[in-house]
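Reading through the structure tokens given below for one structure.
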Amino acid sequence: MPETPAFQFVDLRQQHEVAQLGMWVFLATEVLFFGGLILGYSVYRFMYPEGFADAARHTQIAIGSANTAILLTSSFFVAWAVSIVRLGADRVAAILLAAAAALGCVFLVLKGIEYKVEYDEHLVPGYFFTFGGPNATSAWLFFSFYFVATAIHALHVAIGIMVLIFIALKARCGAYSARYHAPVTVAGLYWHFVDLVWVFLFALIYLPGRTS
Amino acid sequence: MTERNYLTEDTRIISWLFTTDHKRIAILFFAAITLFFFVGGAAATMIRLELVSPQGRFVTSDVYNRLFTIHGVVMVWFFLIPSIPSTLGNFIVPLMIGARDLAFPRLNLTSFYLFMLGGCVTLYAVFAGGVDTGWTFYAPFSTMYSNGHVVLAAVGVFIAGFSSILTGLNFIVTIHRLRAPGLTWYRLPLFLWSLYATSVILVLATPVLAMTLLLVALDRVFGVGIFDPDRGGDPLLFQHLFWFYSHPAVYIMILPGMGVVSELVAVFSRKAVFGYKFVAWSAIAIAVVGFFVWGHHMFVSGQSVFAGLVFSFMSFIVAVPSAIKVFNWTATLHKGWVRFDAPMLYALAFIGLFTMGGLTGLFLACLAYDVYVTDTYFVIAHFHYIMVGGMVTAYFGGLHYWWPKITGRMYPEYWARAAAILIFFGFNLTFFPQFILGVLGMPRRYHVYPPEFQVWHVLSSAGASILAIAYLLPLFYLIWSMFYGARAPANPWGATGLEWLTPSPPPKHNFETTPAVTRPPYEYTLGGEARPQNA
Amino acid sequence: MSTWWPSETSHARAVDLLFMGLLATTALVLALLFFLLLRFAIHYRAGNASADRSHRIRKSWHWEVTWTTATLVAFLGLFVWGAQQYVELFGAGKSGLTVYVVAKQWMWKAQHLGGQREINELHVPLSHTVRLIMSSQDVIHSFFMPAFRIKRDVVPGRATDLSFRPLRAGVFHLFCAEYCGTDHARMTGRIVVMQENDFNRWLSSQDVTGTLAAQGERVYRQLGCGGCHGNGPVRAPKLEGLYGKPVPLSDGTIGIADEAYLRDSIVKPRAKIVAGYEPLMPSYEGKISEDELIAVVAYIKSLAEKAKRP
Amino acid sequence: MSWYPPRALVFSWLGLLGLLGLTVFTAYQSLGAFNTPIALAIASCKALLIAAVFMELREHNALTIAFASAGFFWLAIMLWLAFSDYSTRPAL
């Protein structure tokens, strides 16, 4: 399989280019998928700036920052793996990809702990939602966006972890080579994108309202 | 048949269900959307039947509301959006660019199964009790007040949306990367330019709809309340998100039709399309500018006056590239050798009906007049002129034109011309009275209405019964022709495109050897002789 | 019930003229296009070998530029024409005889300033500008009066307005134009335009439990608003003479105490805090019905008029 | 066979962690209206670093860059036009 192109392609180079372009187009789709949420968030933050700042103050910035660092590091591992799989070092790449997947799992665990804290503080929109002070309604909106956005993002992380593990196993079995490594590159692109979305979510969710 | 082709390669059912051949997947889509077309059509028939009488005697309010919702949801997401791209596009794109398949054959099959899954969930919602929100799912009605199966329908559309995205993605990558040697952008047939523009919209607009419907579903299930005015939410936010997708979606529906008509006009006038580059770039312009106009659905919604001005202005601008296309098609006929085969009849009908639909769109883009006629039958008439008079007509034109390539058989010409003419008259009788109803102020989604409107409703319903019969005709004679039609040669129309180089029907991997392209599309001699793109 | 033609307000007449303009443009373009289409198709049909097909037009760009510019100019003209009427209709700075409209599934409730209420009917005097202030209790509705060529959505959670000045007495259709559920098609009513003295007679013949402002005062007492806004120990902005005045807000901007401001201040009190006051007021969202809200706002407005009189 | 990470990757990784520290630090500084733009500017810098180096966009052809920017361009259209409504809603 690896050394000959699929029937619809002329050569492996074309196949590789097609795979990459396909992933980039898919990522453009993903930007607008999250974009719908970002528009909603922006509109309500514009309408209720103080309420959103107040609500954002109640998020766990320590966990959020740690998670950002974790995702950035895992992205670094993936980029490293992609760069060396092209040189033929597929065993090392497998280890790096597995490490990135492990960091992804740590991210999810921390996210779960964070959800637990918020659940205990009655910040989950629903019957038990309580938010002291004057901004209860806009805080509800903020936390609706918070949970929807982070849950969808976490779903992306979970899918990414599975993809990375799959690719790592294949790499371990020597499926990739200097000539054929498109799946590693494409999986890497997806993982970096998940990271990139988080960078924006971090700025929108955790950082507002820290000064007052 | 002596020669093996994609139909005879492997005839087991399983080989069809798990096929990754773009031609077979196109056939699967044909079967599916034909089914959905008649489901949506049945709902339309009942709507027209109900509207014959002003007192609402035939069905109850709740049933009527479910009928127009089913009609809208099924026709928009399960017929119009996939119609040309997933069937004709799927079949023709690789053939036209001289490729052996699409870039991602397995993704193509996934797209089909996602479509079927979404369709089944939606149909289940229909039969489990229906949805009464209208196809627009406006909040807060859909999120808090509706008593229909909103979540199921939203999930169905959500899934079908991913089918659209995958198809669009596949086309974009295929057209970029799998073109035959020598097939530069300005040698691409206009059908491909249109499909490319369509795919860009599919990929960039559909995810926003997916997120919007997700929020509606989450709101109903968990009460997250993002559109809930009691929680400080803004119902207009839903409309912004929804129309950010749904207005460009209108161009998803019409652009492929424009592409088909560009092909038909050239072939049946034996002449290159006039102003090729303008027609090509106007498709791209429509795709891009189409994203700037969504607020014209919201002129009376309480959106700010300034936003109304911006959106109205952009709406007039987006009409310009459509006008360019119409003028160019007309100019193509000039000094050609015009033949009136059935596909050309459809193409001419398209130009007329689409122009009427487009020009009445100006009434709706025009702010003060829109305040009067929005949410009336004027809007219904307008978009049916575009969607049915435009898109469905083009779909039938393209279907007849490529039918010999797809099945290897010719359709019966006289029946086809009769059906085309009947559709044209039935259509106009159905929808022209609705313009008058709109101008008289008849609101839409009413099944009980003041008696002074009745005469126009009766006319419209009479037209609808003609139209229903006219749409059944092709179903019969096309199926008949699959078994008894005359065998089709490789290039029955004397066209220039690469898809006519392979035998009809094509072999499994389309081409024995990849053709090398040396010419722009649509080259004909002064006497009307075709000069194929590869010679 | 009503005739469609001629139309009944000066705005409607302007809209009809606009319609004629649009129709003329459309007819002109369609006539030209259909003529060319038929002429080319028939004259250059394949069977007509004698048609002159030499000297085909080769250079296309100046044709393209010509028809692109022509359509653009025509479209811009139509845009300006429609936009100008729209700004006049929905633009700011409206005054007139105020009537409050509350929409709910599936009826229209109207409240006049004198406290008169009606359902699925709206009585208005001839030749007076009527300004409707509309709100919804549940879903989005749309107040549509075809004879006046106007409609506007009625959105829950906020107020929208709509003004018209009828020029002919009569009875006209009122429709709900935004789909709102089961009985959307039955959410209709009548607009009754009456001579001014007939209208006054009608007003005084209605059963009224106090003016709208008086009803609002009762709600104001029931909810205990005076506890803070009166002379109590808690300091809250005074409401006498407030309506229509500029209000300095805590974020440094200046707001105008209009209908929307008063309404928002009751439902979303933290959104705009008057400079120098603590954000203490609880939200009355969900605790006050649309009807009561309208009455309280009317009461606060009446306090301004009282303050004007010495 | 060398399996050390390329320098560009290491520097970007360190840069990203540095930017993370910076953005958390500035979030706690009272900068009034500037807090949000700064946070978003830093987030954009991080995103650019990820896209250009990790995702190797700087080595790609114009087509890939076009599709990478398309999503953001269309998101900008959406935000811009939606805010042409929200930022000009009048008081009644």
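Where a number appears in this text, it was derived from the coordinates with a stated rule and is not lab data. These figures come from a predicted structure and were not determined experimentally. Don't worry about glycine lacking a Cβ; one is built from the backbone with ideal geometry, like all the others, and counts go over all protein chains shown.
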**Request:** Can you tell me the dipole magnitude for the protein assembly as shown around its Cα centre, using point charges on the Cβ only (Lys, Arg +1; Asp, Glu -1), in Debye to the nearest 20?
**Result:** 1820
**Complete:** The farthest towards the positive end of the charge dipole of the range A:78-188, of the residues A:P134, A:V78, A:C105, given +1 on Cβ of Lys and Arg and -1 on Cβ of Asp and Glu, is A:V78
**Item:** Kirkwood hydrodynamic radius of the range B:1-83, from inverse mean 1/r over distinct Cα pairs, in Å
**Value:** 15.3
**Request:** Quick one: grab Rg to one decimal and Dmax as a whole number for the range D:1-59, Cα atoms only, in Å.
**Result:** 14.3, 53
**Request:** Set Lys and Arg Cβ to +1 and Asp and Glu Cβ to -1, take the dipole of the range C:62-131 about its Cα centre, and tell me which of C:V80, C:S127, C:W106 lies farthest positive.
**Result:** C:W106
**Fill in**
chain C: relative contact order from alpha carbon pairs under 8 Å, six or more residues apart, as a whole percent, is 16
**Item:** Label-point gap, in nm, between B:R531 and C:S50 - each point 7 angstrom along Cα→Cβ
**Value:** 3.0
**Prompt:** In nanometres, what is the gap between the two model label sites at C:R186 and C:I42, each 7 Å from Cα along Cα-to-Cβ?
**Reply:** 5.4
**Message:** To the nearest 20 Debye, how big is the dipole of the range B:52-208 about its Cα centre, given +1 on the beta carbon of each Lys and Arg and -1 on that of each Asp and Glu?
**Reply:** 440
**Item:** Coarse-grained scattering of the range C:212-308 at q = 0.11, 0.16 Å⁻¹, given as base-10 log I(q)/I(0) from a Debye sum over alpha-carbon atoms
**Value:** -0.28, -0.63
**Complete:** Expressed in nanometres to one decimal, the distance between label points 7 Å along Cα→Cβ at A:Y119 and D:L79 is 3.3
**Request:** Would you kindly work out the equivalent ellipsoid of the range B:183-256 from its C-alpha gyration tensor and give its semi-axes, the square roots of five times the eigenvalues, largest first in whole Å?
**Result:** 36, 10, 7
**Request:** Show me C:107-120, B:180-193 ranked by packing, highest mean number of other Cβ atoms within 10 Å first.
**Result:** B:180-193, C:107-120
**Asked** Roughly how many Å is it from the Cα centre of the range A:147-212 to that of the range B:195-224, as a whole number?
**Response** 21
**Prompt:** Can you name the helices of chain B, as whole DSSP H runs, whose Cα span along the helix axis is 18 Å or more and whose Kyte-Doolittle mean is not below 0.0?
**Reply:** B:22-50, B:61-75, B:105-127, B:150-177, B:190-222, B:235-269, B:276-289, B:305-333, B:342-365, B:413-439, B:454-484
**Asked** Listing A:C105, C:C225, A:C173, C:C180 from the residue with the fewest other Cβ atoms within 10 Å to the one with the most, what is the order?
**Response** A:C173, A:C105, C:C225, C:C180
**Request:** Would you give the gap between the C-alpha center of the range A:35-60 and the C-alpha center of the range D:1-36, rounded to a whole Å?
**Result:** 24
**Prompt:** Which FRET efficiency, nearest 0.05, do C:F35 and D:I65 yield, Cβ-Cβ r, R0 60 Å?
**Reply:** 0.80
**Message:** Please list the three semi-axes, largest first and in whole Å, of the ellipsoid equivalent to the range B:354-475, using sqrt of 5 times the eigenvalues of its alpha carbon gyration tensor.
**Reply:** 32, 17, 9
**Asked** Where the centre of each part is set by its Cα atoms, how far does the range B:429-500 sit from the range C:256-308, in angstrom?
**Response** 55
**Message:** What number results when the radius of gyration of the range A:12-205, computed over Cα atoms, is divided by 2.2 N^0.38 Å?
**Reply:** 1.18
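Past the 13 angstrom mark, what percentage of all C-alpha to C-alpha distances in the range A:21-78 do you count? Please report the intermediate quantities before stating the final value.
Values: 1232 of 1653 pairs.
In whole percent, the long-distance tail amounts to 75.
Kirkwood Rh over alpha-carbon pairs of the range C:1-88, then Stokes-Einstein at 20 °C and 1.002 mPa s: what D in µm² s⁻¹, rounded to an integer?
Reported coefficient: 127 µm²/s.
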**Message:** For Cα pairs less than 8 Å apart in space and 6+ apart in sequence, what is the mean separation divided by the residue count of chain B, i.e. the relative contact order in percent?
**Reply:** 18
**Item:** Helical mean residue ellipticity (222 nm; -39500 (n - 2.57) per DSSP H run of 4+; nearest 500) of chain A
**Value:** -27500 deg cm²/dmol
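Using the number of other C-beta atoms within 10 angstrom as an exposure proxy, rank C:R168, B:R409 with the fewest first.
C:R168, B:R409
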**Item:** Per residue Cα convex hull volume in Å³ - calculated over the protein assembly as shown
**Value:** 172
**Complete:** If unit charges are put on Cβ atoms (+1 for Lys and Arg, -1 for Asp and Glu) and the dipole of chain A is taken about its Cα centre, the option from A:T150, A:L164, A:Y180 lying farthest towards the positive end turns out to be A:Y180
**Prompt:** Which whole DSSP H helices in chain C pass both tests: a Cα extent of 20 Å or more along the axis and a mean Kyte-Doolittle value no lower than 0.5?
**Reply:** C:10-43, C:61-90
**Value of relative contact order over the range C:54-125, rounded to a whole percent, pairs C-alpha under 8 Å and six or more apart** = 14
**Request:** On each of the three principal axes of the Cα atoms of chain C, give max minus min coordinate, whole Å, ordered largest first.
**Result:** 100, 49, 41
**Asked** Rounded to the nearest 0.05, what FRET efficiency is calculated for A:I63 and B:S15 with R0 set to 51 Å and r the Cβ-Cβ distance?
**Response** 0.45
**Item:** C-alpha long axis of helix D:35-49 to longest principal axis of chain D, angle in °
**Value:** 30
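How big is the dipole moment of the range A:12-205 about its Cα centre under a simple scheme where the beta carbon of each Lys and Arg is +1, that of each Asp and Glu is -1, and everything else is neutral? Debye, nearest 20, please.
Numbers: 10 positive and 10 negative charges, 159 e Å.
Magnitude of the dipole: close to 760 debye.
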**Complete:** The residues C:R201, A:R45, B:R417, sorted from fewest to most surrounding Cβ atoms within 10 Å, come out as C:R201, B:R417, A:R45
**Asked** Can you give the convex hull volume of the alpha carbon atoms of the range B:239-391 per residue, in Å³?
**Response** 92
**Prompt:** Hey, which of these cross-link pairs are over 20 Å Cα-Cα: C:K151/C:K245; B:K23/B:K405; B:K335/C:K59; C:K109/C:K238?
**Reply:** C:K151/C:K245; C:K109/C:K238
**Message:** Can you bin every Cα-Cα distance in chain B into 20 Å intervals starting at zero and give me the percent of pairs per bin, rounded to whole numbers?
**Reply:** 22, 58, 19, 1
**Asked** Ranked highest first by average number of other Cβ atoms within 10 Å, how do C:44-50, C:171-177, B:454-460 line up?
**Response** C:171-177, B:454-460, C:44-50
